[in-house]
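Here is the structure we will look at, set down as structure tokens.
Each value in this text was obtained by applying a stated rule to the coordinates, not by laboratory testing. Being a predicted model, the structure only gives us computed values, none of them experimental. FYI the Cβ positions are ideal-geometry reconstructions off the backbone, even for glycines, and counts take in every protein chain you see.
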Amino acid sequence: MSHPAIEIVGLAKRYGTGDAAVDALKGVDMIVQPGEVVGLIGPSGSGKSTLLKCLGAVIEPTAGRMALAGETIYDHGWKVADLRALRRDRIGFVFQAPYLIPFLDVTDNVAVLPMLAGVPNGRARDRAREMLTALDVGHRARAQVQQLSGGEQQRVAIARALVNQPPIILADEPTAPLDSERALTVIRILNEMAQRFGTAIIVVTHDEKIIPTFRRIYHIRDGRTYEEAGEARAA
Amino acid sequence: MINLAGRDILHGWGRFLFTGVGLGLLIGVTLSMAGIYRGMVDDAKVLLGNVGADLWVVQRDTLGPYAEPSNVRDDAYRALLGVRGVADAGNVTYLTMQIQHEGRDVRVMLVGFEPGHPGEPGSLVAGRPITRSHYEAIADERTGLRIDQRVRIRRHEYTVVGLTRRAVSSGGDPMVFVPLQDAQEVQFLKDNDALLNERARTAANPAFNRPGVPGLLEAVQASQASSRTVNVVMLRLAPHADEAVVAREIRRWKHLEAYTRADMDEILVAKLIATSAKQIFMFLVILAVVSAAIVAFIIYTMTLAKQREIAVLKLIGARNRSIAGMILQQALGLGVIGFVVGRTAAALWAPVFPKYVLLLPGDAVVGAALVMAICALASVVAIRAALRIDPATAIGG
Ligand SMILES: Nc1ncnc2c1ncn2[C@@H]1O[C@H](COP(=O)(O)OP(=O)(O)O)[C@@H](O)[C@H]1O
Ligand SMILES: [Mg+2]
């Protein structure tokens, strides 16, 4: 029996204590299968970023359970010793802005990830170039990041998220700075990559243009999730 | 793994280089100050080593002749020659004065010595030793004087017959060597007006101007005009004489102070140069603090400008250690640029200094280590700031 890529049960997160406490997540349930791209939609302050941060192992939830590919990583406490390695090897991040590192060229922006995992420079760069080619920016591999257009930068950022072939990718409003054509292209690319590498992808958005592209959508409101079959499924 | 620090430096090399050069000039100043101190110590060694003396005999209870004034009667050398172990003695006078040369004022130390005896200038770089008993001079090349030039010193003109190198006083003034009697005349003889005054006063004194005693007035006037003292008597000892024993003997019987070469070294370096050394040390401390502040500021600014990148690096799995290492390397990089620029600058501008600047390799090594330590220390603030950056901030709010 194959496990879901992501399984979240009753996840809660409280910021602060006492009177100042904020319950950002009150009970989040979510299941994402390998190769699936799901949307996470909700108004501002509903807890979207908090959920990504919990799943991305940069903040600690206060209750609930999270599992990646059947392995429990959190169950009322972290179940993995090295969160840094967890992030590096098993989670890819795509941010609102590309957040590329300006002092590295395009190849090294991607290659730095396998390098951090101890892959020798030469092989890390080979893998980076392969991934850049897969994302149609292979011809920009030697460029400086400032020379790229916004759309190209976002592709490089996606290449960076994918290069270690993590089972999941967390994308926080990845299309926010892009026009609708480019936004749709980014979503298409994410879908292709999910297919190709079997990656489970969660895309946080409130971008009206791309919402129809998701087969499955989680709505989050007031710290709770509600699942909805997306419009793409009907089509 | 790629060198993140190096890439970052190359990316913003302009600012980095300018900071490094600025720091380098500060380090250059620091090295020069150390070099000036070393130069002073070395000048002192040359001053003592060049005259071929084993003992310096000076006025009792003084640290003469360089650190304090000292007067010794100029016939004391005869008694000193009688002390067991003394092979040779030379009277020497020192006087700091201004001379005119090619329309410029040059500050020199006039040295009176007896040719062929201790106190004579060591090796000459040009010309010959003094052979005539009057009005010949040996000048240090720093005076700007050249062979065969004539130079006026008070009432007489002297011909420069020889040149020395690095014969300077402990204050850095170049020396001009002249025969002892000429120097005594310059040093203790008044100028023409004073002399005329003095003569008139003596002549007006009935005790000296007696009609019945011919020649008395002239004799008195001559004795007033010429000096009977010197500043130091330098002794050369017999091959197997023990300088400590001879010095003790002189102190005991001759009512004079006698210093060995080691004593003089101690007086010059520990007493005379000590104030300069303290001053230079203060400058070094201030420069170190300023350098540290500059490095700390620039590294901190560079780190703050990279907050987002650092958060992303941490999020994707960079170790805190790697981030700290990157910042430390940048600080050390600044130090390396600064040191190279500083050492080069110090070497380039050393000849322009009026004082002798001696840049010792050992000082450079210590300097480099200090610069690196200061840079490492200065990066602490930036490293702490970087370690506090929360990887969660890479994911938007
Ligand atoms: N670090 C924090 N400390 C305290 N409260 C926070 C913090 N981060 C977010 N919150 C609160 O948690 C709630 C959810 O925030 P967030 O997850 O950023 O929502 P979204 O990303 O959907 O806009 C909001 O009420 C927000 O004010
Ligand atoms: Mg948000």
request  = Can you give me the P(r) profile for the range A:8-137? Cα pairs, bins 10 angstrom wide beginning at 0, each as a whole percent.
outcome  = 10, 34, 31, 20, 4, 0
ask   = For the range A:120-235, what is the largest minus smallest coordinate of the Cα atoms on each principal axis, given in angstrom and ordered from greatest to least?
value = 45, 29, 28
ask   = Any idea how far the Cα center of the range A:29-94 sits from the one of the range B:283-318, in Å?
value = 33
task = Could you give me the radius of gyration and the Dmax of the protein assembly as shown, taking only the C-alpha atoms into account and expressing both in angstrom?
result = 42.9, 149
ask   = Per residue, how much space in cubic angstrom lies within the convex hull of the C-alpha atoms of the range B:47-159?
value = 126
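Per the Kirkwood treatment, what hydrodynamic radius in Å, one decimal, follows for the range A:171-223 from the mean inverse distance over all distinct Cα pairs?
One decimal place: 11.7 Å for the Kirkwood radius.
Semi-axes, largest first, in whole Å: what does sqrt of 5 times each Cα gyration tensor eigenvalue give for the range B:117-215?
Working from the Cα gyration tensor, I get semi-axes of 36, 14, 12 Å.
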query = Amide H to amide H under 5 Å from A:Tyr74: which residues, 5+ apart in sequence or cross-chain, H placed 1.01 Å off N in plane?
reply = A:Met66, A:Lys79
ask   = Mind ordering B:315-322, B:65-72 by average Cβ neighbours within 10 Å, highest first?
value = B:65-72, B:315-322
request  = Please give the average number of partner chain Cβ atoms lying within 10 Å of the Cβ of each residue in A:99-108, rounded to a whole number.
outcome  = 5
ask   = Given the rule -39500 (n - 2.57) for each run of at least 4 DSSP H residues, summed and divided by the residues of chain A, what is its mean residue ellipticity at 222 nm, to the nearest 500 deg cm²/dmol?
value = -10000 deg cm²/dmol
task = In debye, nearest 20, what is the charge dipole magnitude of the range A:1-130 about its Cα centre with +1 on Lys and Arg Cβ and -1 on Asp and Glu Cβ, if you could check?
result = 140
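Pairs on different chains or at least eight residues apart, Cα atoms closer than 26 Å: how many lysine pairs in chain B fit?
7
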task = Could you list the square roots of 5 times each eigenvalue of the Cα gyration tensor of chain B, that is, the equivalent ellipsoid semi-axes, sorted largest first and rounded to whole Å?
result = 64, 22, 18
ask   = What does the convex hull of the Cα atoms of the range A:6-229 come to per residue, in Å³, rounded to a whole number?
value = 121
key: Helix-only mean residue ellipticity at 222 nm for chain B, each DSSP H run of n ≥ 4 adding -39500 (n - 2.57), per residue, nearest 500   = -16500 deg cm²/dmol
note = Counting sequence-distant residues (5 or more places) and residues on other chains, those with an amide H built under 5 Å from that of B:Asp74 are B:Thr229, B:Val230
